[in-house]
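Worksheet: the structure to be examined is printed underneath.
Read-outs throughout are calculated quantities, based only on the coordinates presented, and are distinct from any laboratory measurement. These numbers were taken from a predicted model, which means no experiment stands behind them. A quick note on method: Cβ atoms are made from the backbone with ideal geometry, for glycine too, and the neighbour counts reach across all protein chains shown.
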Amino acid sequence: MATQQFDLTVIGAGPGGYVAAIRAAQLGGKVAIVEKQYIGGTCLNVGCIPSKALLHTAQTLASFEHFADMGIHVGKPEFHIQEAVAWKDKVVRQLTGGVGQLLRGNGVTIYNGTARVEAPGRVVVETGDGREEIQTQKLILANGSVPILPPFPGIDGKNVITSDDAVSMPRVPESLICIGGGIIGVELACMFHAFGTKVIILEMLPSIIANEDADVVRLLHRSLTGRGIEIHVNTRVEAIGDESGQKQVTATRDGERVSFSGEYVLVAVGRKANLTGLEPLIEQGLEMERGCVKTNARMETNIPHVYAIGDLVGRTWLAHVASVEGEVAAENALGHEAMMDYNVVPRCIYTFPEIAAVGLTEAQAKERHPEAHAERFLWRANGKALATGDTEGFTKVILGRYGEILGASIIGPDATNLITEYSLAMKSELTSDEIIATIHPHPTLSEGLREAVLAAAGRPIHMLLRQPVGRR
């Protein structure tokens, strides 16, 4: 068995792992990375990127309904899912190929195989050609996650899919039952509905997207049901079966037994840390917490010279956070000082309409800061939104006693890009005064961000306050 020696070895080449490897190589380390399936991990191959490529296709298809309002008259568009999947695959290949080039260009040695961490400094890789051993001074665990498959009877039946399968469907299902009304489930529900599928969402909690601002969730719920997506909350699934050529999902709601029929069932109840290959470390005392690897702010585990990042840590389940965790872990592993800060983390949801948020929701802010004040600015009062015919939603800002931004939520056009302004303002500890004093270009959606702050500060220009406050 061949043996190689490295300063640092990274297990997993997802958005956390490959960033960690590149950063460590930039700092002068001799670095290896091990990936069992595909460069880019879940995010680039079956998660973030492919789903967003198909969601963009779905949103473009849905926009044809409103072309006539702007004087554009075309026939009913034809949609071919095989071509959409091919487009998605092209995007994925370009990105994953680019990541591979970046790794090699930075001198990182890539192992294609399954890693088993036998000890903190010893990794055995099973490849197609046999076994190779890596001796390493430092180790970063970036194993990622896998879909959760609840122990329902029938979970392994025909036409039962996960989010990994949903981005490569050979044809558009006539109907789909989505078990789970969280981010993944609702995003994919929007996608399939736009493709022409009849969609039912089943969620065991009192609302879909339960962790976001209540006003945002209410508007999203109303928007989805208004377009024809059926949503059932407080509904706990018990089993999946087959009846008359259809999938049959049985559940309980308010103590009563209910059932739903559809051609396919999408199981989207969340993901869990992938611990494959870490069994020896766990036996040697690797500290765990709620099924994830426990780390400190330096991304260190309790085992010296072993770090963990991304979904394996399970703090946010966000690719952009995993990348920063990877940088922090790499810098500490190569002898530099870095700390992870989770206080300002933007959250993006690619539903129709889009949702993005940072910091506290209004309810959280008022619970922790009784003096907090929140206001919304509606997109229908924004010139650019009106001009483009995309006026659904609002921006909400929550301010503290001294005008500091405690949180912000956006639902509507380009929300996932716009949230960065509030994130930067919070990270830089700016107050409402600085945002108000910053000239925003006209006509743009960004004006709505300033208008929301003006409203929260009690001095709106292009709207009336719901509850007038004292002049400021």
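Each distinct pair of alpha carbons in the range 353-456 adds a 1/r term; the inverse of their mean, the Kirkwood radius, is 13.4 Å.
The Stokes-Einstein estimate for the range 216-337, based on a Kirkwood radius over Cα pairs and taken at 37 °C with 0.692 mPa s viscosity, is a diffusion coefficient of 179 µm²/s. Taking each DSSP H run with n ≥ 4 as -39500 (n - 2.57) and averaging over every residue of the chain yields -9500 deg cm²/dmol at 222 nm. Arranged from fewest to most other beta-carbon atoms within 10 Å of their beta carbon, I405, I110, I419 become I110, I419, I405.
For the range 411-451, GluC sites (Glu not before Pro) are listed when DSSP marks them as loop and at most 13 other Cβ atoms sit within 10 Å of their Cβ; the list is E429.
Computed over neighbours whose Cβ is under 14 Å from that of C178, the net charge equals -3, Lys and Arg +1, Asp and Glu -1. Evaluated with a Cβ-only charge set (Lys, Arg +1; Asp, Glu -1), the range 182-268 carries a dipole of roughly 160 debye about its Cα centre, given to the nearest 20. Under 20 Å of direct C-alpha separation, and excluding same-chain neighbours fewer than eight residues apart, K88 reaches these lysines: K52. Taking a Cβ cut-off of under 10 Å around P413, the surrounding Lys, Arg, Asp and Glu residues balance to a net charge of -3, with basic ones at +1 and acidic ones at -1.
Viscosity 0.890 mPa s, temperature 25 °C: Stokes-Einstein D of the range 213-275 from its Kirkwood Cα radius, in µm² per second? D, rounded to a whole number, is 175 µm²/s.
Judged by the gyration tensor of its Cα atoms, with axes a ≥ b ≥ c, the chain is oblate; a/c meets the 1.5 cut and b/c is at least as large as a/b. Among the chymotrypsin sites (Phe, Trp or Tyr not before Pro) in the range 291-376, those placed in a DSSP loop whose Cβ has at most 11 other Cβ atoms within 10 Å are Y342.
For the chain, C178, C190, C292, C348 have no disulfide-compatible partner, since no other Cys C-beta lies under 4.7 Å from theirs.
Tell me whether the range 160-269 comes out rounded, prolate or oblate; compute the Cα gyration tensor, take square roots of the eigenvalues as a ≥ b ≥ c, and use a/c under 1.5 as the rounded threshold. Oblate is the answer for the range 160-269, as a/c is 1.5 or above yet b/c matches or exceeds a/b. Spin-label pair T60-H440: with each label point 7 Å from Cα along the Cα-Cβ axis, the two points sit 2.9 nm from one another. In whole percents, the pair-distance distribution calculated for the range 290-336 from its alpha-carbon pairs, binned every 5 Å from zero, is 5, 26, 34, 23, 11, 2. Between V233 and V91, the contour length at 0.36 nm per residue exceeds the alpha carbon distance by 47.6 nm. Compared with the alpha-carbon gap, the fully stretched path from R257 to Q26 is longer by 77.3 nm at 0.36 nm per residue. Of the DSSP H helices in the chain, those that are both long (alpha-carbon extent of 20 Å or more along the helix axis) and hydrophobic (Kyte-Doolittle mean at least -0.5) are 48-63, 81-105, 319-333.
Farthest toward the positive end of the dipole of the chain, out of A456, V123, V19, is the Cα of A456, where the dipole comes from beta carbon charges about the Cα centre. Segment N343..N211, full-extension length gain: 45.9 nm, with 0.36 nm per residue of separation and the alpha-carbon distance subtracted. Residues Y264, Y18, Y38, Y402, ranked from the fewest to the most other C-beta atoms within 10 Å, line up as Y402, Y38, Y264, Y18.
Note on R347, R401, R298: ascending count of other Cβ atoms within 10 Å places them as R401, R298, R347, the fewest first.
Over all other residues within a Cβ to Cβ distance under 14 Å of D341, the charged ones net out to -2, with Lys and Arg as +1 and Asp and Glu as -1.
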